[in-house]
1. Outside any helix (DSSP H, G or I), among the polar types (S, T, N, Q) and either out of contact with any Pro (no Cβ under 7 Å at 6 or more places or on another chain) or in contact (Cβ under 8 Å) with a residue 12 or more places away in the chain (or both), is that true of residue 46?
2. Is there any pair linking a residue in region 80-96 that is under 11 Å from residue 19 (Cβ atoms) to one that is of a type in the set (Asp, Glu), with Cβ under 9 Å and at least six apart or on different chains, and which?
3. Considering only region 61-81, I want to know if a residue exists there that is surrounded by 15 or more Cβ atoms within 10 Å (Cβ to Cβ), among the small types (Gly, Ala, Ser) and under 26 Å from residue 92 (Cα atoms).
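Only the coordinates and a few stated rules stand behind these numbers; no lab work does. Predicted model only: the values in this text are computed from it and were never measured. Quick reminder, even Gly has a Cβ in these numbers, built from the backbone with ideal geometry, and neighbours come from all protein chains shown.
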Amino acid sequence: MPNPLPKLSGPLTARHREYWRRNLRLTEFLLVIWFAVTFVLSYYAQELNDYEFLGFPLGFYFGAQGAMIVYVAIVWYYVRAMNRLDIEYDVQEEQK
């Protein structure tokens, strides 16, 4: 029976391991921000409503718009950081 997994191009080098370690650290950092915006700010929404932002209660604004803005910013930052990391470790995708 043939092996269903593709063959790797070679063993992982220390440079590959460093690349993945930095990738995981970036992902963990951004997930902490996502968690805080999604769950922590939601938990404190009533207290945040004592403050206003652009004329809206802050808890409401985060729930309606602010969280979405942060999510888009997280995706933008991840793409930007990973493109830089790919270039630094010479693993960027080929441009056609």
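1. Criteria not met by residue 46.
2. Taking only residues 6 or more apart or on different chains, the pairs are 86/93; 89/18.
3. Yes - at least one qualifying residue is present in region 61-81.
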